[in-house]
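These notes concern the structure reproduced below.
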Amino acid sequence: MIQFLRVDHRLLHGQVAVSWFNALDVNTILVANDGVAADDFRKSAIRLAKPEAAKLVMKSIDESIDSINSGVTDKYNLLVVVESVEDAYKLIIGTNGKIPMLNLGGTKQREGTANFSKAVNLTPEEVEKLTALQTKNVDVFMQQVPNEKKVTFEA
């Protein structure tokens, strides 16, 4: 069962691997990313950040959607990490309400982005997608680390 979905452009790193894994009741980390799924070097680098007690799975977005919808992931308490709002949107829409929340942990400053928090920078298209998710009762919020105050996303 999915306990937490996080957008973080760095994917798995110390903050996610240690802070969130330890704070949540999870035993498995799913890195859902098309680039990582196809790149053995990136997979090796991500494995280095994995907490010792965690099971780590790396799949493409479509494979992740298929796994979640098939029920094969139901036996795990999952922390899912994606690289972008676009990937999170595809995952949430593709799994038909199985993911009721979205943590915005970090998105890079890019051309055309507006700053929403110290680590969250969004394009107008991303804001539109997040607003659409909220209309589907997805709890979208910003929170860097577990002991930081949770801030509801507002467009």
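Rolling a 1.4 Å probe across all protein chains gives Tyr76 an accessible area of roughly 60 Å². To the nearest ten degrees, helix 124-135 and the longest principal axis of the Cα atoms of the chain are 80 degrees apart.
For the chain, what proportion of DSSP beta bridges, expressed in % and rounded to the nearest 5, is antiparallel? Percent antiparallel among DSSP bridges in the chain is about 15.
Once the 1.4 Å probe is applied to the protein heavy atoms, region 1-131 comes out at 48 Å² accessible per residue. Once the convex hull of all Cα atoms in the chain is built, its volume per residue stands at 104 Å³. With one equal scatterer per alpha carbon and no solvent term, the Debye-computed log10 I(q)/I(0) for region 81-136 at 0.19, 0.21, 0.23, 0.26 1/Å reads -0.64, -0.77, -0.91, -1.12. Roughly what % antiparallel, to the nearest 5, for the DSSP beta bridges in region 89-155? Restricted to region 89-155, the bridges split so that about 45 percent are antiparallel. Residue order by solvent-accessible surface for Val151, Val16 is Val151, Val16, largest first, with ligands and nucleic acids left out and a 1.4 Å probe. For the cross-link pairs Lys75/Lys118; Lys43/Lys75; Lys108/Lys136; Lys50/Lys108, the ones whose C-alpha atoms lie over 29 Å apart are Lys75/Lys118.
Heavy-atom accessible area with a 1.4 Å probe sorts Val57, Val85, largest first, into Val57, Val85. Model label sites at Asn137 and Lys149, defined 7 Å from Cα along the beta-carbon direction, differ in position by 2.8 nm.
Rolling a 1.4 Å probe over the protein heavy atoms of the chain, with every protein chain left in place, gives an accessible area that is 49 percent carbon and sulfur. Only the Cβ atoms of Lys and Arg (+1) and of Asp and Glu (-1) were treated as charged; on that basis the dipole of region 30-155 about its Cα centre amounts to roughly 440 debye.
The values are calculated or read from the model by the stated rules, or taken from the named source; none is laboratory data. Note that the coordinates shown come from a computational prediction; the quantities given were computed from them, not determined experimentally. Neighbour counts are summed over all protein chains in view; Cβ atoms, including those assigned to glycine, are modelled from backbone coordinates with ideal geometry. Heavy atoms of the whole protein, side chains included, go into the accessibility calculation; ligands, DNA and RNA do not. Shrake-Rupley method; radii C 1.70, N 1.55, O 1.52, S 1.80 Å.
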